[in-house]
Amino acid sequence: MEFTMSKILPFYILSFLIVVSSSIEASDPSSSTTTSPSSAAAIISRFQQYLQINTAQPTPQYYEAIDFLLSQAKLLSLESQTIEFVPGKPLLLLKWPGSNPNLPAILLYSHTDVVPSEHNKWIHHPFSAHIDDNGNIYARGSQDMKCVGMQYLEAVRGLKASGYQPLRSIYLTFAPDEEIGGHDGAEKFAESEVFEKLNVGVVLDEGLASPDENYRAFYAERTPWWLIIKATGAPGHGAKLYDNTAMENLLKSIESIRRFRASQFDMIKAGLKVDGEVVSVNMAFLKAGTPSPTGFVMNLQPSEAEAGFDIRVPPTTDSESLEKRIAEEWAPASRNMTFRFKQKGSANDKFGNRMITKTDSSNPWWALLEDAIRNAGGKLGKPEIFPASTDARYFRRQGLPAIGFSPMANTPILLHDHNEFLNQDEYLKGIEIYESIIKAYASYMENIGENRESKDEL
Ligand SMILES: *[C@@H]1O[C@H](CO)[C@@H](O)[C@H](O)[C@H]1NC(C)=O
Ligand SMILES: [Zn+2]
């Protein structure tokens, strides 16, 4: 996808607000009542307000969400900027300036949109943010990922209230369109001059809920390869047995692909690997046959047959050998087959390195994250590869370390599912975790994550 600054510059809506901090207390209605803004009730109520804004694709109410977030940013005296790389798709950028602006900054990333939901299949309406007797908050976006966006803001509130002053600048981004690929949101943002000027050193983005007590953190993600294979063959009478029909040729490929799929799935079933570590292959469509007014012509063997597959490739996979397998076993020219990719992401960043955020001592952000979570009383499982796609890839593509993390332990994985919920105690615990992480990151002295030089060399 091509991207030029000249194309997007006219669409910028620049509204840099610097809000005077003396107005905070006076303008917050809850501070005059018995409920202080930092009480659990007030925190949960703000989360509910964000959840109640219908930002479901394909018609997300982005401006309502941005207005709400801006009102929160004002109360926290954060600098703010709303950018529209594409008209109608606002991205909100907030800043808490650090005392040493020369050090690379921290980016706390989240997206504002959510996936659609089938309202009548939910026990509580997906935009009601209803809290049941167990403290479970039901809403589309409660896990993916309005929780994280609001937790960042609440953690900032807590740190500010404690008198903390960051050394590094902290940016919060609320971006559009992640659920439809992020092309008009994170992708354009990560490639923009605005982003380059932020001098970001590390990015935090979303992770997944964890059914057990360990939080999950993700250092890479699988790349989608959307493969379409096509077979051709001589047409003929449906009663005749002959070799090399399009259907037969395609079925041989499907059998081969199914064996490969089973070999990958078996490794998961045997406990040798987890989702993100294998190549997944699922058939998305099967297209063949000669249409008739009542369905399909039954006594004719068609001359063409096609199938589409959603393949997800871990960054650790040897992609050349996988491509060879496709060309030689799944769609061999010798069987009159062709293939094409509807989409094929790269596993490399713009410097030609694998898009894998290091989890060893070469990446201090990883160790800082582990320590910060532990210090806040949380447990972290083994680092994982995210099984699907997130906007983190656009930042990794810029050569930046990006960690996927959503602090939701003891929580069923319900993103994109009916009855998505998050327990309020888990949500509150997550805020403490973020306070610990943000403090550790924004206080870190070493001049790491400096990417200016490498960019200038380009
Ligand atoms: C491939 O197509 C050619 C031309 O139609 C045909 O002669 C040949 O038998 C086909 N081979 C296979 C393996 O389908
Ligand atoms: Zn998400």
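The values are calculated or read from the model by the stated rules, or taken from the named source; none is laboratory data. Please read all numbers here as calculations on a predicted model, not as lab measurements. Neighbour counts run over all protein chains shown; Cβ positions are idealised from the backbone, glycine included.
Taking the criterion of being among the small types (Gly, Ala, Ser) and either within 16 Å of ligand 1 (Cβ to nearest atom) or crowded, with 23+ Cβ neighbours inside 10 Å (or both), the residues of the stretch 121-149 that qualify are ALA129, ALA139, GLY141, SER142, GLY149.
Can we say GLY201 is in contact with a strand residue (DSSP E or B) (Cβ under 9 Å, 6 or more places away or on another chain), buried (at least 19 other Cβ atoms within 10 Å of the Cβ) and closer than 30 Å to ILE311 by Cα?
Numbers: in contact with a strand residue (DSSP E or B) (Cβ under 9 Å, 6 or more places away or on another chain): yes; buried (at least 19 other Cβ atoms within 10 Å of the Cβ): yes; closer than 30 Å to ILE311 by Cα: no.
It is false that GLY201 is in contact with a strand residue (DSSP E or B) (Cβ under 9 Å, 6 or more places away or on another chain), buried (at least 19 other Cβ atoms within 10 Å of the Cβ) and closer than 30 Å to ILE311 by Cα.
In this structure, ILE326 does not qualify as of a type in the set (Val, Ile, Thr), in contact (Cβ under 8 Å) with a residue 40 or more places away in the chain and closer than 22 Å to ALA392 by Cβ. Here the stretch 240-276 is the region considered, the condition is being over 32 Å from the mean Cα position of the chain (by Cα) and among the hydrophobic types (A, V, I, L, M, F, W, C), and the residue that is farthest from ARG222 (Cα to Cα) is LEU241. If the condition is being within 16 Å of ligand 1 (Cβ to nearest atom) and of a type outside the set (S, T, N, Q), then the stretch 312-343 contributes ALA327, GLU328, GLU329, TRP330, ALA331, PRO332, ALA333, ARG335, MET337, PHE339. State all residues of the stretch 211-231 that are crowded, with 21+ Cβ neighbours inside 10 Å and part of a loop (DSSP other than H, G, I, E, B); if no residue qualifies, say none. Answer for the stretch 211-231, where residues must be crowded, with 21+ Cβ neighbours inside 10 Å and part of a loop (DSSP other than H, G, I, E, B): ARG216, ARG222.
Against the test of being out of contact with any strand residue (DSSP E or B) (no Cβ under 7 Å at 6 or more places or on another chain) and not β-branched (Val, Ile, Thr), the options PHE174, PHE189, PHE127 yield a single qualifying residue, PHE127.
In the stretch 114-126, the condition of being of a type outside the set (Val, Ile, Thr), in a loop (DSSP other than H, G, I, E, B) and within 12 Å of LEU51 (Cα to Cα) is met by at least one residue.
So that you can scan it fast, the table gives a plain yes or no per residue for (1) outside any helix (DSSP H, G or I); (2) within 16 Å of ligand 1 (Cβ to nearest atom); (3) modelled with pLDDT under 95; (4) more than 19 Å from the chain's Cα centre (by Cα):
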residue: THR357; (1), (2), (3), (4): yes, no, no, no
residue: SER362; (1), (2), (3), (4): yes, no, yes, yes
residue: TYR394; (1), (2), (3), (4): no, no, no, no
residue: MET408; (1), (2), (3), (4): yes, no, no, no
residue: GLU426; (1), (2), (3), (4): no, no, no, yes
residue: TYR434; (1), (2), (3), (4): no, no, no, no
residue: MET445; (1), (2), (3), (4): yes, no, yes, yes
residue: ASP456; (1), (2), (3), (4): no, no, yes, yes
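Quick check on the stretch 248-271. Is at least one of its residues within 16 Å of ligand 1 (Cβ to nearest atom), surrounded by fewer than 13 Cβ atoms within 10 Å (Cβ to Cβ) and on the phi < 0 side of the Ramachandran plot? Yes: the stretch 248-271 contains one or more residues that are within 16 Å of ligand 1 (Cβ to nearest atom), surrounded by fewer than 13 Cβ atoms within 10 Å (Cβ to Cβ) and on the phi < 0 side of the Ramachandran plot. The sole residue among PHE174, PHE189 that is in a strand (DSSP E or B) and either within 17 Å of TYR427 (Cβ to Cβ) or aromatic (Phe, Trp, Tyr) (or both) is PHE174. Applying the criterion of being touching a helix residue (DSSP H, G or I) at 6+ places or on another chain (Cβ under 9 Å) and closer than 30 Å to SER443 by Cα to the residues of the stretch 328-353, the residue that is surrounded by the most Cβ atoms within 10 Å (Cβ to Cβ) is ASP349. Scanning the stretch 113-149 for residues that are more than 14 Å from ligand 2 (Cβ to nearest atom) and under 27 Å from SER77 (Cβ atoms) returns a single hit, ALA129. Every test in (1) among the aliphatic types (A, V, I, L, M); (2) part of a helix (DSSP H, G or I); (3) more than 14 Å from ligand 2 (Cβ to nearest atom); (4) in contact with a strand residue (DSSP E or B) (Cβ under 8 Å, 6 or more places away or on another chain) is passed by ALA155 save one, and that test is (4).
So which of ALA186, ALA234 ends up being touching a Ser or Thr at 6+ places or on another chain (Cβ under 9 Å), surrounded by fewer than 22 Cβ atoms within 10 Å (Cβ to Cβ) and touching a residue at least 12 places away in the same chain (Cβ under 8 Å)? Please lay out each step first, then the result.
On the way: ALA186 fails: surrounded by fewer than 22 Cβ atoms within 10 Å (Cβ to Cβ).
So the residue among ALA186, ALA234 that is touching a Ser or Thr at 6+ places or on another chain (Cβ under 9 Å), surrounded by fewer than 22 Cβ atoms within 10 Å (Cβ to Cβ) and touching a residue at least 12 places away in the same chain (Cβ under 8 Å) is ALA234.
Checked against the criterion of being out of contact with any Phe, Trp or Tyr (no Cβ under 6 Å at 6 or more places or on another chain) and either of a type in the set (A, V, I, L, M) or within 16 Å of ligand 1 (Cβ to nearest atom) (or both), the candidates LEU167, LEU172 yield just one match: LEU167.
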